[in-house]
Amino acid sequence: MSTVLDTAAPQRHSYLTLVRASAVYDLVVTAGFATPWTLALVHTGLDGLSSALGLAAFPALDPMQVLYANLMGSVVVVWSLLRLLRPQRVHGLFDGAARVLFSLWMAYALAHGGPALLWGFLAVEAAWGAAQLAPWLRKR
């Protein structure tokens, strides 16, 4: 049974390659957030990178920040594995929508004094979102 999403979906095989590539990127970038121990390493690394670039130091982590980072990391890892192992065109649509939301919240954090290092992540997040949503927005 065909749905509206099926008929509107980008039909090029390269779109599934894009969905998989975004999943690999997400695994590389967010897997370290999935546990308290790996988050501590990621936090130290990002703080060092921020300092090396002459940017402000990262604030110390508190238990609630660790919890939310671990929840985000865990969900993104599972979502990434689904897109990597069983990619579907509709996954690109929903991932693109999620990236719009992530971009909005990064912009919000930046507007409220978040670390300048977020600009790089925001640019990449917005680019992945645009790449995955644009084929859905083109006229058929």
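Has segment 92-99 got at least one residue that is in contact with a Ser or Thr (Cβ under 9 Å, 6 or more places away or on another chain), surrounded by fewer than 18 Cβ atoms within 10 Å (Cβ to Cβ) and either touching a residue at least 24 places away in the same chain (Cβ under 8 Å) or among the β-branched types (Val, Ile, Thr) (or both)?
Scanning segment 92-99 turns up no residue that is in contact with a Ser or Thr (Cβ under 9 Å, 6 or more places away or on another chain), surrounded by fewer than 18 Cβ atoms within 10 Å (Cβ to Cβ) and either touching a residue at least 24 places away in the same chain (Cβ under 8 Å) or among the β-branched types (Val, Ile, Thr) (or both).
Of all residues in segment 26-60 being in contact (Cβ under 8 Å) with a residue 24 or more places away in the chain and small (Gly, Ala, Ser), which is nearest to Gln132 (Cα to Cα)?
Among residues in segment 26-60 that are in contact (Cβ under 8 Å) with a residue 24 or more places away in the chain and small (Gly, Ala, Ser), the one nearest to Gln132 (Cα to Cα) is Ala31.
Results for (1) within 30 Å of Trp136 (Cβ to Cβ); (2) surrounded by 12 or more Cβ atoms within 10 Å (Cβ to Cβ); (3) out of contact with any strand residue (DSSP E or B) (no Cβ under 6 Å at 6 or more places or on another chain); (4) modelled with pLDDT of 95 or more, shown as yes or no for each residue.
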residue: His13; (1), (2), (3), (4): yes, no, yes, no
residue: Val19; (1), (2), (3), (4): yes, yes, yes, yes
residue: Tyr25; (1), (2), (3), (4): yes, yes, yes, yes
residue: Val29; (1), (2), (3), (4): yes, yes, yes, yes
residue: Ala34; (1), (2), (3), (4): yes, yes, yes, yes
residue: Trp37; (1), (2), (3), (4): no, no, yes, yes
residue: His43; (1), (2), (3), (4): no, yes, yes, yes
residue: Pro59; (1), (2), (3), (4): no, no, yes, no
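Counting only residues that are touching a residue at least 12 places away in the same chain (Cβ under 8 Å) and within 16 Å of Ser14 (Cα to Cα), which one in segment 70-91 is surrounded by the most Cβ atoms within 10 Å (Cβ to Cβ)?
Top of the filtered list is Arg83.
The values are calculated or read from the model by the stated rules, or taken from the named source; none is laboratory data. Note that the coordinates shown come from a computational prediction; the quantities given were computed from them, not determined experimentally. Note that we place each Cβ from the backbone using ideal geometry, even for glycine, and neighbour counts take in every protein chain shown.
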